Amino acid sequence: MSQPGILRRSMIFMLAAAAGCNVAVAKPATPVATQAAPAADPAAMAAELERLYGQYWQEYLELNPVNATFVGDPRYNDRLPDFFSARYRQQTHDFNEKWLNKVAAYDSDRLAGQARLSQQIFVQDLRLALEGEKYPDWQQPLNQFYGFPNQLAMLGSGTSAQPFKTVGDYDDWLERAGEVPVLFDSAIANMRMGMKSGVVQPEALMVKVLPQLDSLIKEKPEETLFWTPITELPAEFPDADKKRLTDAYRTLIADKLMPSYRKLRDFVRDEYLAASRDTVALSALPDGQAWYAYNVRLITTTELSPARIHEIGLAEVARIHGEMRAVMKEVGFDGDLQAFFEYLTTDEKFEFDNEEAMLTAFHDFDAELDPKLDKLFSRRPEAGFELRPVEEFRAASAAAGSYQMPSEDGTRPGIFYLNTHDLPSRKTWDVESLYLHEAKPGHHFQIAIQQELTDLPMFRRFGGVTAFAEGWGLYAESLGRELGAYQDPYQYFGRLQAELWRAIRLIVDTGLHSKGWTREQVIAYMKDNSATSDTNAVAEAERYIAIPGQALAYKIGELKILELRSRAEEALGNEFDVREFHAEVLRDGAVPLDVLEAKVDQFIAAQRES
């Protein structure tokens, strides 16, 4: 599905992100609309821009009501636009172009501080969004990793952002879900266009989509995930509303949702699979090399080429392997690194007894870590936080861990989703690094604090830069020893394994999409060079196939943050304060990496002068 540019690099991987960010329109660029000349005074310019950002945000939420739901704005909870339609793509194009013209008309050289930073980020994002229109993601809207049918099921089950607290909430979902047949029909139409133009998903991905769809299709409404809100109807609802809603949900599920899911499943099984491709690289699609290079720039916010990123990955893998050999020596393991990987992935002592034991391990680490965070951080998020297992219907293709942001009003906490699928593949030595990344001080700190920066425009509070956000998550893993974690050498190995995995991503993602690597080559490389299970290797390889370039964000972002911390430590010596450094990195929300570098350089200069 299309979405305007500001949230294109966001962590809000929800329904609108699930089916592709890019739009394609044949219409030529619209001339710049006539508007009043911007104010000449810098302060007046900044005030005008703040007003424009506020207006932009309100129009953005109305155009993207599902994103509004995730943000926590309930005004459009009853709406589900036809994201896949040509009309909606044109609306998105016009929206982006209009707002780019408005904001770019202001001279950034006459702005300062946050006003200049906001304008630079806004303009850069919308220019990238418009540039990306040439690449027709909309013709392949469905994959196993961010599948819109799964996202809708999460919303309708009451376990995600869609609220089910009032009678009005229940009626909102009836209206929203009633538009699902139109949305699914448009998705099928777009895939048929892709079948004609040669823009189709790899067969290796689509065979994973079928069981996901099958798991959501049930004969009786009461057996579906969409029935869950009815089983949890609040007791205080009037009896008349309970009966009305029960009948209406039964009709909705039986007459609209299940037929739509069956129609999509049948299309994938009977038509699309036969037309899907046996290649896996984005470069195998029309203009695919340029498409991948665009994705790399979009995701990393750098000008690094795929070839250079591949080289960085090789160097990082070699370095981390050296640290792993030191852990082997510390624990007295007799054998080579590959044997050590085999031991760590097959020995039953590194397995959880059951799901409850796994969840308990993460909760226990949370309790142990939380009092120590003030050592490195002067600010904590106000938003609540909780840990949940990934829902069964999507667990087979989901990541080991993921984070969902809290709502703006604080009624919905940040959520760390922990994947307990194929429990033997989830290792005890992975607990501390995974928690540090997804929860505290990783994604929960960065994303929740960003949302609480009320002086920033809303597009920055709820937007994002993947290289910054995922770079911060990986950097947070590196803080473990400073926070008293990784005392067990196997837990420290888990941290190295997690870092190694992100370094390997640089190699295999670029290998897949720019060097002609096969799915099997990628899986073999991961197995040969890291401690991973078959389950994880396959899921990760197919993730990189599904979302080309996204996996590059982690290591590229982390390396930049580590570089900037080292620069600050060297420049400031004994005056370096890690709490102040972290506050500086987080104080402006997620920003492109070049902007982050400029910010830290200014921080260093200011610290020297004080």
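The values are calculated or read from the model by the stated rules, or taken from the named source; none is laboratory data. Note that the structure is a prediction, hence the values are computed from the model and not measured. Counting neighbours? That spans all protein chains shown, and the Cβs are built from the backbone with ideal geometry, glycine included.
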With respect to LEU423, determine if the residue is more than 28 Å from ASN143 (Cα to Cα), surrounded by fewer than 17 Cβ atoms within 10 Å (Cβ to Cβ) and aliphatic (A, V, I, L, M). no
Looking at this structure, is ARG89 assigned to a helix (DSSP H, G or I), at pLDDT 95 or above and not assigned by TED's automatic domain parsing to the domain that holds PRO163? yes
Given the structure, is HIS444 crowded, with 24+ Cβ neighbours inside 10 Å and more than 20 Å from THR300 (Cβ to Cβ)? yes
Just wondering, is there one or more residues in the stretch 499-520 that are in contact with an Asp or Glu (Cβ under 6 Å, 6 or more places away or on another chain), at pLDDT 95 or above and crowded, with 21+ Cβ neighbours inside 10 Å? yes
Condition first: closer than 16 Å to ARG308 by Cβ and either assigned to a helix (DSSP H, G or I) or among the aliphatic types (A, V, I, L, M) (or both). Now tell me which residues in the stretch 507-524 satisfy that. ILE507, VAL508, ASP509, THR510, GLY511, HIS513, SER514
Of the residues that make up the stretch 456-464, is at least one aliphatic (A, V, I, L, M) and in contact with a Lys or Arg (Cβ under 8 Å, 6 or more places away or on another chain)? no
Restricting attention to the stretch 383-403, which residues are assigned to a strand (DSSP E or B), in contact with a Phe, Trp or Tyr (Cβ under 7 Å, 6 or more places away or on another chain) and closer than 26 Å to LYS208 by Cα? ARG388, GLY401, SER402, TYR403
Starting from the stretch 258-285, take each residue that is closer than 12 Å to LEU210 by Cβ and touching a residue at least 12 places away in the same chain (Cβ under 8 Å) and list its partners that are aromatic (Phe, Trp, Tyr) and assigned to a helix (DSSP H, G or I), counting only C-beta distances under 7 angstrom and pairs at least six apart or across chains. LEU264/PHE184
Checking the condition acidic (Asp, Glu), in the same structural domain as HIS321 (by TED's automatic domain parsing) and within 25 Å of TYR544 (Cα to Cα), which residue from ASP430, ASP455, ASP488 passes? ASP430
Of all residues in the stretch 350-363, which are over 26 Å from the mean Cα position of the chain (by Cα) and without any contact (Cβ under 8 Å) to a residue 60 or more places away in the chain? ASP353, GLU356, ALA357
For residues that are under 14 Å from the mean Cα position of the chain (by Cα) and of a type in the set (Asp, Glu), scanning just the stretch 424-477, find the one that is nearest to ALA367 (Cα to Cα). GLU438
Would you point out which residue out of ALA605, ALA568 is within 21 Å of ILE449 (Cβ to Cβ), out of contact with any Ser or Thr (no Cβ under 9 Å at 6 or more places or on another chain) and modelled with pLDDT of 95 or more? ALA568
Restricting attention to the stretch 301-331, which residues are closer than 30 Å to VAL123 by Cα and touching a residue at least 24 places away in the same chain (Cβ under 8 Å)? THR301, THR302, LEU304, PRO306, ALA307, ILE309, HIS310, ILE312
For residues that are touching a strand residue (DSSP E or B) at 6+ places or on another chain (Cβ under 8 Å) and within 18 Å of THR360 (Cα to Cα), tally how many sit in the stretch 404-423. 7
Among the residues of the stretch 319-355 satisfying the criterion of being among the β-branched types (Val, Ile, Thr) and touching a helix residue (DSSP H, G or I) at 6+ places or on another chain (Cβ under 6 Å), which is surrounded by the most Cβ atoms within 10 Å (Cβ to Cβ)? ILE320
Exclusive hit being closer than 30 Å to GLY113 by Cα and free of Cβ contacts under 8 Å to residues at least 40 places away in the same chain, set GLY442, GLY464: GLY442
Long-range neighbours under 6 Å by Cβ, at least six apart or interchain, first residue in the same structural domain as ALA498 (by TED's automatic domain parsing) within the stretch 388-401, second assigned to a strand (DSSP E or B) and crowded, with 18+ Cβ neighbours inside 10 Å: ARG388/ILE415; ARG388/TYR417; PRO389/LEU418; VAL390/TYR417; GLY401/LEU418
Sole exception among (1) over 18 Å from ILE507 (Cα atoms); (2) surrounded by fewer than 19 Cβ atoms within 10 Å (Cβ to Cβ); (3) in contact with a helix residue (DSSP H, G or I) (Cβ under 8 Å, 6 or more places away or on another chain) for ARG262, by number: (3)
